[in-house]
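The structure under discussion appears below in the form of structure tokens.
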Amino acid sequence: MTTIREGQLLFHIDDGRYRKNKMSNLDNYSHGAVLDETKQPSLFVALLPVLMTLAVLGVQLFYFEDFTPHIPLAIGIAITATIGLTLGHKWSSTEKGIFHVINVSLPSVSILVTVGMIIGVWIASGTVPTLIYYGLVLLSPEIFLAAGMILCSIVSVSLGTSWGTVGTVGLALMGIGAGFDIPVYWTAGAVVSGAFFGDKISPLSDTTNLAPAVTGTKLFDHIRNMMPTTVPAMLIALVIYTFVGFTLIDGDGASFDRIEMITTALQDSFVISPVLLLPAVLVIVLAVAKQPPIPSLFAGVVAGGFMAIFVQDQGLHDVFSYANSGYKIDTGVSEIDSLLNRGGIQSMMWTISLVLLALGFGGALERTGCLQTIIMKILQQVRTFAGIQTSATCTSIATNLVAGDPYLSIALPGRMYAPVYRGMGYSTLNLSRAIEEGGTLISPLIPWNAGGAFVISALALGIGDGSFENLLYIPLAFACWISPLLGVIYATTGLFSPKASDSEKEEWAKNDEDIQNI
């Protein structure tokens, strides 16, 4: 769809229905065309659906103490569509915008479905129990948090999916942390730091591919340009987790009787063997070979199924049930039962429904012009590179907060800000880094965001049951918020903020890219 602004009206033109010459008098349309005249919302009107939805969301979360943001987001869609009607947007137009954004997200929904199957089957196969067992045997409480972050980083870079890493290796680390009597929120913070760091720089990650795609940069240039913020952020987080391990966690006071109880229960309930790590190794090998993520993850499901049947003596129908409904076990050890009674496609439906509603809300805001108005207002207030870079990062974060989706928080600011960077003569690599950090890294820190909802669900943080203290994982996921903070500091000082090269400018001219001078 193309949008033309004339006066106070926006003219939305669907490709294939009619064409409009920008210099004409709005009367030169092809046969049968119907003009959709809509008003551009004022800043107050654009903010209205956002603020009203946040108010409803606040009532649900804090007054009713009910952590289910689905209905507030559905109400938000209705509010936005109603305001859209006053601006001239018919419901069919808003609906089209909603479903367009949802359609773009379907690959991520497919990954969620596959991760649900992996969790259930890898528990039944003994892969996750084996990881927990060896982790308890080999790791010490002092180095656990730092080692856990590094492990999640390696796996996430290899797999290209933070969600897959959180749901498998992260789940195993939660069990190990429980055995060491480490607070849940510390373990979750280390897992999230490592997993989303890997997602940010993996060439297999969908968000890492999305950011350069919407800003017109090259994938590996984008990854290299993120290193000045990524590497220091991870090193700082590593130092903090190591310091905490040796100062705040009492290694001598760890309940080794409890650890022995957990490892004994695992041995009694599962065959424990290094062979059972093969499904995880297979997925990593396929990822390194640059195979598509969904088939690679599904290959892990199949490999786990074979292990469950031939090593754990499970039936084929049982494996199907675990993949769909999750694994069920009663070991008599509450820590083990709470971690291993999970997984399956159905366990992902809460998160999937939240993703769809959040995307629908974001799509409605975008189609009615509300998000564009807010962003353009921001652009009117800043005139320096530091201001633009900070605004791009904050806009990505704000979109994450409002729309609840990392994909929209990358795609929308990327489309809106790119012409401004070109007009200022700065490389759009600066923009791709800003939106990757504000989108990918902040996503798991927002409980009602798709990323945050998945983390809370996959790691069994129990927020919905009133364990609000586990939300402390948010400030303790150091790498996720230190990285964008460093990006803003670099923009202010001019460090690691490349100007556009001659070849990049030639590429802009070749592709007829928009350039906006401010």
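The values are calculated or read from the model by the stated rules, or taken from the named source; none is laboratory data. If you're wondering where the values come from, they're calculated on a predicted model, not measured in any experiment. Note that each Cβ is placed from the backbone with ideal geometry, even for glycine, and that neighbours are counted across all protein chains shown. Side chains are part of the model used for accessible areas, which takes the heavy atoms of the whole protein and leaves out ligands, DNA and RNA. Shrake-Rupley method; radii C 1.70, N 1.55, O 1.52, S 1.80 Å.
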Report the net charge of residues surrounding W163, where surrounding means a beta-carbon distance below 15 angstrom and charges are Lys +1, Arg +1, Asp -1, Glu -1.
-1
Over the alpha-carbon set of the chain, work out the extent along each principal axis and list the three values in angstrom, largest first.
80, 48, 47
Filter K39/K377; K218/K510; K200/K499 down to the pairs with a C-alpha to C-alpha distance above 19 Å, please.
K200/K499
Just to verify a number: FRET efficiency for I309 and E507, C-beta to C-beta distance, R0 = 51 Å, to 0.05?
0.45
For the range 163-235, the Cα convex hull volume per residue in Å³ comes to 86 Å³
Can you give the accessible area of W448, probe radius 1.4 Å, in Å² rounded to 10?
50 Å²
To the nearest 0.05, how large is the calculated FRET efficiency for N517 and L48 if R₀ is 25 Å and r is the Cβ-Cβ distance?
0.20
Sorted peptide list for 363-371, 411-419, 42-50, 181-189, criterion being average Cβ within 10 angstrom, highest first
363-371, 411-419, 181-189, 42-50
Sum of side-chain charges, P484 neighbourhood, beta-carbon under 10 Å (Lys, Arg +1; Asp, Glu -1):
-1
Simple spin-label estimate for T247 and K499 in nanometres, 7 Å along Cα-Cβ
4.4 nm
If contacts are Cα pairs under 8 angstrom and at least 6 residues apart, what is the relative contact order of the chain in percent?
21 percent
Mean accessible area per residue over the chain (1.4 angstrom probe, all protein chains present, square angstrom) is 41 Å²
The range 294-345 pair-distance distribution - Cα-Cα, 10 Å bins, rounded %
24, 50, 25, 2
So what is the relative contact order of the range 322-481, in percent, for Cα pairs below 8 Å that sit 6 or more residues apart?
19 percent
Name all residues of the range 90-124 having a backbone nitrogen under 16 Å from the label point set 7 Å from the Cα of N209 along its Cα→Cβ direction, giving them as ranges.
104-112
Taking H placed 1.01 Å from N in the peptide plane, check which residues at least 5 places from Y426 or on another chain put their amide H under 5 Å from its amide H.
A500
Taking Cα atoms only, helix 141-159 is inclined relative to the longest principal axis of the chain by an angle, in degrees rounded to 10, of 50 degrees
If the chain between Q267 and F64 were fully extended at 0.36 nm per residue, the gain over the current Cα-Cα distance would be 68.8 nm
Selected from T86, L112, Y490, residue furthest toward positive end of dipole (the chain; charges at beta carbon):
T86
Once every DSSP H run of n ≥ 4 in the chain is given -39500 (n - 2.57) and the sum is divided by its residues, what mean residue ellipticity at 222 nm do you get, rounded to the nearest 500 deg cm²/dmol?
-21500 deg cm²/dmol
Rounded to the nearest percent, how much of the accessible area of the range 359-503 (1.4 Å probe, protein heavy atoms only) is carbon and sulfur?
65 percent
The percentage of Cα-Cα pairs in the range 184-292 separated by more than 24 Å is 53 percent
Contour minus Cα-Cα distance for L235 and F220 (0.36 nm per residue):
3.2 nm
Hz values of 3J(HN,Hα) by residue in the range 476-481 - Karplus curve (6.51, -1.76, 1.60), Gly and Pro given as x:
8, 7, 4, 4, 6, 9
Could you compute how much accessible surface I329 exposes when probed at 1.4 Å, giving the result in Å² to the nearest 10?
30 Å²
Expressed as a whole number of Å, what is the distance separating the alpha-carbon centroids of the range 346-421 and the range 63-81?
18 Å
Translational D in µm²/s for the range 405-444 (Stokes-Einstein at 20 °C, 1.002 mPa s, Kirkwood Rh from C-alpha pairs):
211 µm²/s
Per residue, how much space in cubic angstrom lies within the convex hull of the C-alpha atoms of the range 413-518?
124 Å³
